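No lab work stands behind these numbers, since they all come straight from the coordinates. Predicted model only: the values in this text are computed from it and were never measured. Note that we place each Cβ from the backbone using ideal geometry, even for glycine, and neighbour counts take in every protein chain shown.
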Amino acid sequence: ERGGYKHFMRKEIHEQPEVVEATLRGRIDLAEGDVYAAEMGVTPEVAQSIRRVYFVACGTSHHAAIAGRYWMEQLAKVPSVVELASEVRYREPLFYPDDLVIAVSQSGETADTLAAVKAAKAGGARVLAVANVLDSAIPRVSDGALYTHAGPEIGVASTKCFTTQLAALLLLAVYIGRRRSTLPQERAQQVLQALWEIPSHQREILGDADYVHAIAKKLVHAKDVLFLGRGLGFPIALEGALKLKEISYAHAEGYAAGEMKHGPIALIDEHLPVVAVCPRDAQYDKILSNLQAVRAREGQVIAIATKGDEAMLELAQHIVWIPKAPDEVMPLLTVLPLQLIAYFVANLKGNDVDQPRNLAKTVTVE
Ligand code: M6R
């Protein structure tokens, strides 16, 4: 049942190209630059009336939601916020009838996310669930659902469900942007074409993963690891750190690279490995200067970079090369090496990768 892999997590990492295809299947019209997702119940009238998108989620799903907010603003041009469900539920949050609340949850059963959804409904907001498990509690109480179709995820550390959430949230931003006419058809076509090509790029990254062994050996003795990213790289830095924490039990912190000078730079010395999510996107020049600051303090840099980026050779001790792709779809690629790195570090330590200590797959009590 593990398909020849030692752990479910490894199997699920390698399933990502095919499950992302499942998320996209039947939903993309490349010629029209449009998305079909009638099951969500977001009619053109509803899409046009939304004043704010309000994402709620926990853990890995929260990281997907941060990327979702970015796309919702960049592509659909709808003001958006993203909140941890556990914070929303106790904060007397303000919801309005013209809010679209998007609850992101793999299991559809997370207690805090469900409570946040109920609070949103009580405030009169419309709720859309982005879930994996069909007919679970959160989709049931929501006004509509967009399912990720990733299949069952057994490993406690979420991997394939994260990338399919990203794919679904990007589809959603295109869908809403087209209905509001805020996203030009040509741009939508480019984004959808790039999304369509993601599974083959993912296969390329997963196919030749020898690079991970050297990096894992380097990280196996690290007590602390800093993950940096900017823009769409920021949620990926958070996710890379969470994966490492969950299964390798090393302390890892994901940080917005622009915040370095506001504190974490004090931690940098030759003992602190820094994993940088730095593809050649719009944020590239900025993160490059953050990395120069790390190097000036002897920090060890492991870079997730775009093929052909020679400047990285000077800066990083280890580089994982990612195929070229448009900025919007980069998170669906840059996260894969981080999942593999966490997996190999945990494996070298002999940890129970699929069932890490203290963790439950679904947190149905607070
Ligand atoms: O089922 P959900 O997506 O609502 O779960 C949310 C978190 O509990 C979950 O993502 C958790 O952080 C995972 N262990 C991450 O690998």
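What's the exposure ranking of Ser105, Ser61, Ser86, going from fewest to most Cβ atoms within 10 Å?
Working: Ser105 33, Ser61 26, Ser86 20.
Fewest to most other Cβ atoms nearby, the residues stand as Ser86, Ser61, Ser105.
Under unit Cβ charges (Lys, Arg +1; Asp, Glu -1), what dipole magnitude, rounded to 20 debye, does the range 87-173 have relative to its Cα centre?
Working: 7 positive and 9 negative charges, 10 e Å.
Result for the range 87-173 is approximately 40 debye, rounded to the nearest 20.
Give, rounded to the nearest 20 debye, the magnitude of the charge dipole that the range 248-357 has about its Cα centre when Lys and Arg contribute +1 at Cβ and Asp and Glu contribute -1 at Cβ.
So the magnitude is around 60 debye.
Report the Cα centroid-to-centroid distance between the range 212-240 and the range 280-322 in angstrom, as an integer.
Distance between centres, Cα-based: 13 Å.
Just in the range 61-120: which trypsin sites (Lys or Arg not before Pro) are loop by DSSP and have at most 15 other Cβ atoms within 10 Å?
The qualifying sites are Lys77, Arg91.
I need Ile66, Ile341 ordered by Cβ neighbour count within 10 Å, fewest first.
Details: Ile66 20, Ile341 28.
Ranking Ile66, Ile341 by Cβ neighbours within 10 Å, fewest first, gives Ile66, Ile341.
Relative to the longest principal Cα axis of the chain, at what angle does helix 233-248 sit, 0 to 90 degrees, rounded to 10?
For 233-248 against the chain, the angle is about 70 degrees.
Going through the cross-link list Lys11/Lys245; Lys11/Lys307; Lys223/Lys349; Lys121/Lys245; Lys77/Lys160; Lys160/Lys261, which pairs have a Cα-Cα distance over 24 Å in this structure? Please report the intermediate quantities before stating the final value.
On the way: Lys11/Lys245 20 Å; Lys11/Lys307 26 Å; Lys223/Lys349 13 Å; Lys121/Lys245 34 Å; Lys77/Lys160 28 Å; Lys160/Lys261 34 Å.
Result: Lys11/Lys307; Lys121/Lys245; Lys77/Lys160; Lys160/Lys261 exceed 24 Å.
Let's see if you can work this out: charge +1 on each Lys and Arg Cβ, -1 on each Asp and Glu Cβ, no other charges. What is the dipole magnitude of the chain about its Cα centre, in debye to the nearest 20?
Using only the charged Cβ atoms, the result is roughly 340 debye.
Hey, fewest Cβ within 10 Å first, where do His262, His201, His213 land in order? Don't jump to the answer; show the numbers that get you there.
Numbers: His262 9, His201 20, His213 13.
Listing His262, His201, His213 from fewest to most nearby Cβ atoms yields His262, His213, His201.
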